[in-house]
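Just below is one structure, and these are the notes that go with it.
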Amino acid sequence: MATLEDGVSPTQTVVPPGDVIENPRRRDYLQIAAVAFAGVGGAVTVLPLINSMNPSADVLALSSTELDVSAIEPGQAIKASFRKQPLFVRNLTPAEIAAADAVPVSSLRDPQTLAERTKEGHGNWLITLGVCTHLGCVPLGAGEGENRGPFGGYFCPCHGSAYDTAGRIRQGPAPTNLAVPDYEFTSPTVVVVG
Amino acid sequence: MSFPWARHYEPKNPLTQWIDSRLPLPRFVYNAVGAGYPVPRNLNYFWNFGVLAGVCLVVQIVTGIVLAMHFHSSAAGAFESINGTIMRDVNAGWFLRFAHANGASMFLLVVYIHIFRGLYYGSYKAPREMVWLIGVVIFLLLMATAFMGYVLPWGQMSFWGAQVITGFFSAIPVVGEWIRVWLLGGYAPDDAALNRFFSLHYLLPFVIAGAVILHIWALHIPGSSNPTGVEVKGEQDTVPFHPYYTAKDGFGVGVFLILFSTLIFFFPDYLGHPDNYVPANPLSTPAHIVPEWYFWPFYAILRAFTADVIIPAKLWGVIAMFGSILLLFFLPWLDKSPVRSANYRPMYRIAFWVLVLDVLVLGYCGGSTATPTIVIVSQITAAYYFAHFLIIVPIISRLERPKPLPNSITEAVLGDAGGSRMTETALSA
């Protein structure tokens, strides 16, 4: 801003009068730039709000579970808890493994072999989430005496999804096989899930 | 806007004059629901249900605010705070709790009748499309609020309802599972989910209240519709809202409260599910998960899809379920008939009642165990539901020959042999 000390009289303007009219886009540009900058800044403040709704650190801290599977006999299964969700750990019998391997993979809705769903050297351990991939019910079959459904694996009572001995979807509305979480055997009888 | 013959607010004493010149709120109320709002003289009792829905909203907000003072929103404490503290220890807590739980059922019942009133009398047609669109938004907000409220007691049905409903989002390809985890704030419903549902359950009723103000504002631009569907032609066709419809609505509220109190005091658990008196157990699913009765028709549509056609059956179910409501947004443009009221539309009237029956059968299916018969009946009725809006209504509006309309509301009312009680009331005005 020009001041009187600069030797400019109050009636004179520093910007030639014609300039404003000849170059009106200059002001539009500043306005658009300023509003766009403020708009982007405002929009970015939504990110922490959205991110705060993601699982918090204490929830994520539960994301690894250690299990001792030595007490599970062949043919038995247990229900454990992983990330507050049921986890099925099943010791398959040779007959169940043979039944799962006998199914042609191409006939499956979600084609996977049993070997792809277990760890090498621990082929008898089927470890899956106990969450039906349809709408999240807990299938039956891990507890003693529960209905294992027509394919001998798990059976979801909510809408009748039936899983086989590899935890693969065989019948009913569920779209995919029971999810296999990340896990590893740290010793022959101890498994760390997550 | 209002009709030119609407009465004007004239504050008589100095205090009301002083207020009116500074904040004309009493004037606003006078013009909205007072003597300053002229209403067609021939409204029947189906026009009570808008006001009744407003009463329900107030009942839910008032009882809800008091209940929130005693509720612990934590997975460890929620069940006990409702079934222990509120139901047994808090003074009149049982009453507030049953009023709030049954109030939700009454709210949805009233809203369903209100929606079907709109369908029968063509209230969604020009120039009231915006009233209808905002109404559908309110309905969606109401469903979200009711669902989140049902989760709060943290019983078995609460927990598994939350699991199943958030499971819908995992049907979305690629990002579905991420969205589900984000909505729950965890991998399964737990403290994080319960707390955010409580927060939103407290917020949404006020959003609904705001949407209701827009709904009424949009309604008052053209003014209320009426059973003939003929527009108001002059002063003789209307009566002032107050005292005529305040009195009539007051009577309706009385009848409503009799039914509501009967539920609260004699059948408080009739509409609930016994499994919700079992605390939530993340490791055991109830044998038969059902939502509350007001979601049954939509649950039946969800379950009607059993085969993968290009996309998985689960995704079809979710799309169809949301689609069945989103479809209502397009209704004003699907029904091209210029005649509003089904009283003058012989073919549409039949289609309307078939739709009512169809939705009732869908509701029955949604509340039943999914046996093969129930699934087939759901599939037929779900298909008919979509056919009604997408095929039958557009075709009828082309083929149908409507009955002759009365020249005016007054003619329709006075031409009625012997006249109705409505007529006499209006004449004495």
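Summary table
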quantity	calculated
In region A:152-163, the residues that are touching a helix residue (DSSP H, G or I) at 6+ places or on another chain (Cβ under 9 Å), at pLDDT 85 or above and crowded, with 24+ Cβ neighbours inside 10 Å	A:153
Hits in region A:162-194 - residues which are outside any strand (DSSP E or B) and either out of contact with any Ser or Thr (no Cβ under 8 Å at 6 or more places or on another chain) or free of Cβ contacts under 8 Å to residues at least 60 places away in the same chain (or both)	A:165, A:168, A:172, A:173, A:174, A:179, A:182, A:188
Scope region B:27-52; condition in contact with a Phe, Trp or Tyr (Cβ under 7 Å, 6 or more places away or on another chain) and part of a helix (DSSP H, G or I); matching residues	B:27, B:30, B:31, B:33, B:52
Test: residue in region A:122-145 that is touching a Ser or Thr at 6+ places or on another chain (Cβ under 7 Å), in a loop (DSSP other than H, G, I, E, B) and over 25 Å from residue B:312 (Cβ atoms)	no
Subset of region A:162-194 (residues that are out of contact with any strand residue (DSSP E or B) (no Cβ under 7 Å at 6 or more places or on another chain), under 26 Å from residue B:168 (Cβ atoms) and more than 14 Å from chain B (Cβ to nearest Cβ))	A:168
Tally of residues being in contact with a Leu (Cβ under 7 Å, 6 or more places away or on another chain) and more than 9 Å from chain A (Cβ to nearest Cβ) across region B:168-177	1
Selection from region B:283-334 of residues that are of a type in the set (Phe, Trp, Tyr) and either in a strand (DSSP E or B) or under 16 Å from the mean Cα position of the chain (by Cα) (or both)	B:293, B:294, B:295, B:296, B:298, B:322, B:329
Residues of region A:68-94 satisfying the condition of being more than 10 Å from chain B (Cβ to nearest Cβ) and closer than 17 Å to residue A:178 by Cβ	A:77, A:78, A:88, A:89, A:90, A:91, A:92
Test for residue B:128: is it of a type in the set (Lys, Arg), more than 9 Å from chain A (Cβ to nearest Cβ) and under 13 Å from the mean Cα position of the chain (by Cα)	no
Scan of region A:80-102 for residues that are in a helix (DSSP H, G or I) and touching a residue at least 40 places away in the same chain (Cβ under 8 Å), ordered by number	A:96, A:97, A:99, A:100
So residue B:311, is it more than 14 Å from chain A (Cβ to nearest Cβ) and more than 23 Å from residue B:109 (Cα to Cα)	no
Only listed residue being among the hydrophobic types (A, V, I, L, M, F, W, C) and within 14 Å of chain A (Cβ to nearest Cβ), chosen from B:115, B:165	B:165
Hey, residue B:222 in contact (Cβ under 8 Å) with a residue 24 or more places away in the chain, in a loop (DSSP other than H, G, I, E, B) and outside the structural domain of residue B:116 (by TED's automatic domain parsing) or not	no
Residue check, residue B:317 over 25 Å from residue A:141 (Cβ atoms) and either modelled with pLDDT under 95 or surrounded by fewer than 18 Cβ atoms within 10 Å (Cβ to Cβ) (or both)	no
Region B:274-305, residues that are over 18 Å from residue B:361 (Cβ atoms) and facing chain A (nearest Cβ under 10 Å)	B:281, B:282, B:283, B:284, B:285, B:286, B:287, B:288, B:289
Qualifying positions in region B:182-202 - away from chain A (no Cβ under 14 Å) and either over 21 Å from residue B:156 (Cβ atoms) or not in a helix (DSSP H, G or I) (or both)	B:202
Count - residues of region A:135-161 that are free of Cβ contacts under 8 Å to residues at least 24 places away in the same chain, facing another protein chain (nearest Cβ under 9 Å) and more than 17 Å from residue A:79 (Cα to Cα)	1
Residues satisfying the stated conditions in region B:365-374, i.e. at pLDDT 90 or above and assigned to a helix (DSSP H, G or I)	B:365, B:366, B:367, B:373, B:374
Qualifying residue in region B:74-97 (condition: within 14 Å of chain A (Cβ to nearest Cβ) and either of a type in the set (A, V, I, L, M, F, W, C) or touching a strand residue (DSSP E or B) at 6+ places or on another chain (Cβ under 9 Å) (or both))	yes
Region A:103-121, residues that are touching a Ser or Thr at 6+ places or on another chain (Cβ under 8 Å), of a type in the set (D, E, K, R) and either within 14 Å of another protein chain (Cβ to nearest Cβ) or free of Cβ contacts under 8 Å to residues at least 24 places away in the same chain (or both)	A:109, A:110
Criterion (in contact (Cβ under 8 Å) with a residue 24 or more places away in the chain, among the charged types (D, E, K, R) and within 23 Å of residue B:267 (Cβ to Cβ)) met by exactly one of B:97, B:117	B:97
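Rundown of residues vs (1) of a type in the set (Val, Ile, Thr); (2) touching a Cys at 6+ places or on another chain (Cβ under 6 Å); (3) buried (at least 17 other Cβ atoms within 10 Å of the Cβ), yes/no style:
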| site | (1), (2), (3) |
| --- | --- |
| A:104 | no, no, no |
| A:111 | no, no, no |
| A:115 | no, no, no |
| A:121 | no, no, no |
| A:126 | no, no, yes |
| A:131 | yes, no, yes |
| A:134 | no, no, yes |
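So that you can scan it fast, the table gives a plain yes or no per residue for (1) in a helix (DSSP H, G or I); (2) closer than 26 Å to residue B:178 by Cβ; (3) not acidic (Asp, Glu); (4) not assigned by TED's automatic domain parsing to the domain that holds residue A:154:
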{"residue": "A:26", "(1), (2), (3), (4)": "yes, no, yes, yes"}
{"residue": "A:29", "(1), (2), (3), (4)": "yes, no, yes, yes"}
{"residue": "A:35", "(1), (2), (3), (4)": "yes, no, yes, yes"}
{"residue": "A:39", "(1), (2), (3), (4)": "yes, no, yes, yes"}
{"residue": "A:42", "(1), (2), (3), (4)": "yes, yes, yes, yes"}
{"residue": "A:67", "(1), (2), (3), (4)": "no, no, yes, no"}
{"residue": "A:71", "(1), (2), (3), (4)": "no, no, yes, no"}
{"residue": "A:75", "(1), (2), (3), (4)": "no, no, yes, no"}
{"residue": "A:78", "(1), (2), (3), (4)": "no, no, yes, no"}
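The values are calculated or read from the model by the stated rules, or taken from the named source; none is laboratory data. Remember, predicted model here, so these are calculated numbers, not experimental data. Positions of Cβ are backbone-derived with ideal geometry, glycine not excepted, and every protein chain shown enters the neighbour counts.
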